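The values are calculated or read from the model by the stated rules, or taken from the named source; none is laboratory data. The structure presented is a predicted model; accordingly, all values stated were derived computationally and were not measured. Quick reminder, even Gly has a Cβ in these numbers, built from the backbone with ideal geometry, and neighbours come from all protein chains shown.
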Amino acid sequence: MYRDAASGKVYMYLTARRGGRLMYALDVTDPKAPKFLWKRSNTDTGFSELGQTWSAPAVGKVKGHSNPVLIFGAGYDPNQDDEATTAADTMGRGIFVLDAVTGAKVWEAGPGGNGDTCKGNPCHLENMKHAIPAEIAILNRDFDLEGYVDRLYAADTGGNVWRVDLEPDGTGAVSTWQVSKLAALGGSTTPRRKFFYPPDVAPGKDYDAVVMISGDREHPTVHDDATFGVQNRFYMIKDQFPGKDGSQGVPAVDNTDTARDDDVADLVRITIDATTAKSSPTYSGTLKGFFYTLPSDGEKGVNAPTAFGSTVYFGTNQPKAPDTYTCEAGLGTARSYHINYFTGDVKSFDFVGGGLPRRRW
């Protein structure tokens with residue numbers, strides 16, 4: 001939903017999730033007489049990459065474009081329903097920016113090209129090979145005091161995190177928009193760690209803290225990590241280029257897979273001391289950030305992280321192993337985490353009743 005303060009117009013945007021590869025826009029300024037605005041689907045020219053439309057599109061203003069724009073991941077590929085492997089995706093591999101009023105495509109990023117950075121419209125990247133079903137995180141550092149969106153972050157089902165700069169040279173022209181890889185966190189084997197929820201961003205002076213939680217939400221009952229070899233993790237990645245141009249950054253890499261106690265060269269590993277129940281070590285700003293491995297078999301992130309103050313909040317579910325002798329569908333353990341993204345201090349508690357935490361923190 002978007003309300004234009006100047007015109008009083010109210011627009012609603014509808015996505016289909018597993019219902020299809022399409023999106024509708026309605027003018028609901030008069031709720032008693034809604035009007036059809038436009039429809040986009042994968043059969044439209046220039047939209048063949050559009051997958052199942054899962055995410056709620058973000059609405060914002062960008063420099064050089066008079067109308068508001070819609071910003072969303074290109075969608076989900078049902079190939080990811082295979083829980084034993086991270087299959088090659090054929091759709092959803094990218095980011096779309098559309099005119100929110102007309103539905104015209106303003107800009108697109110997707111697979112192709114060479115390397116993990118690109119500039120232009122469209123923008124093609126060699127390793128943008130995985131679907132992006134999650135919302136896109138938008139950031140306005142307001143460098144120019146004009147209220148425009150400056151930067152985007154997108155996370156995909158291959159464990160990658162992408163940064164998009166919308167004003168790298170200050171002009172805002174879509175021909176200058178650029179994409180670079182911030183992190184490659186999926187591991188080195190298959191299946192990979194997957195991101196089904198967007199990152200959140202906490203702006204800072206020396207770096208912006210980009211926080212995210214992995215977990216395959218399409219397989220919430222998979223309870224045995226040994227079966228598929230995935231260790232889900234919380235990450236705080238330092239984006240060390242808090243200005244308008246992040247193309248010079250070198251991605252943080254986590255190529256580890258099955259062991260909870262693996263060290264990662266680019267990141268500090270945070271653990272909980274079994275005796276004191278305190279986090280160790282205290283993060284001091286070194287390397288490219290830190291990570292915390294969720295401690296229970298099958299535990300996975302089930303909602304988007306939210307950074308507030310110095311703490312990021314998110315929920316997880318630890319599936320219950322099925323009972324062979326009953327028909328009970330165990331809901332597992334619902335858990336809330338509070339992690340200080342400056343120090344790495346981890347706190348958590350279990351919800352009474354179990355299941356999936358429903359709130360976005």
When every residue in segment 80-91 that is farther than 18 Å from residue 215 by Cβ and without any contact (Cβ under 8 Å) to a residue 60 or more places away in the chain is compared, the one surrounded by the fewest Cβ atoms within 10 Å (Cβ to Cβ) is 88
The conditions are (1) surrounded by fewer than 21 Cβ atoms within 10 Å (Cβ to Cβ); (2) of a type in the set (Val, Ile, Thr); (3) over 14 Å from residue 198 (Cβ atoms); (4) modelled with pLDDT of 95 or more, and residue 138 fails exactly one of them. Which is it?
(3)
All positions within segment 14-33 that are basic (Lys, Arg) and assigned to a loop (DSSP other than H, G, I, E, B)
21, 32
Show me the strands (runs of 3 or more DSSP E) entirely contained within segment 177-281 in which 1 or more residues are among the polar types (S, T, N, Q), modelled with pLDDT of 90 or more and more than 28 Å from residue 106 (Cα to Cα).
268-272
Looking for something at pLDDT below 95, surrounded by 14 or more Cβ atoms within 10 Å (Cβ to Cβ) and not in a strand (DSSP E or B) - is there at least one such residue anywhere in segment 309-325?
yes
I'm checking my understanding of the structure. Among residues of segment 114-151 that are free of Cβ contacts under 8 Å to residues at least 24 places away in the same chain and among the acidic types (Asp, Glu), which one is farthest from residue 61 (Cα to Cα)?
126
For residue 154, state whether it is surrounded by 24 or more Cβ atoms within 10 Å (Cβ to Cβ), of a type in the set (Gly, Ala, Ser) and touching a residue at least 24 places away in the same chain (Cβ under 8 Å).
yes
What's the total number of residues in segment 160-176 that are of a type outside the set (Asp, Glu) and either surrounded by 24 or more Cβ atoms within 10 Å (Cβ to Cβ) or not in a loop (DSSP other than H, G, I, E, B) (or both)?
9
Just one of the numbered conditions (1) outside any loop (DSSP other than H, G, I, E, B); (2) more than 20 Å from residue 121 (Cα to Cα) is not true of residue 8; which one?
(1)
Being in a loop (DSSP other than H, G, I, E, B), of a type in the set (A, V, I, L, M, F, W, C) and at pLDDT 90 or above is the filter here, so list the residues in segment 334-361 that pass it.
342, 351
Residue set 20, 46, 51, 113; condition buried (at least 18 other Cβ atoms within 10 Å of the Cβ) and at pLDDT 95 or above; output residue 51
Wholly inside segment 34-126, strands (runs of 3 or more DSSP E) that include 3 or more residues that are at negative phi and in contact with a Leu (Cβ under 9 Å, 6 or more places away or on another chain) are 35-41, 58-60, 69-73, 95-99, 105-111
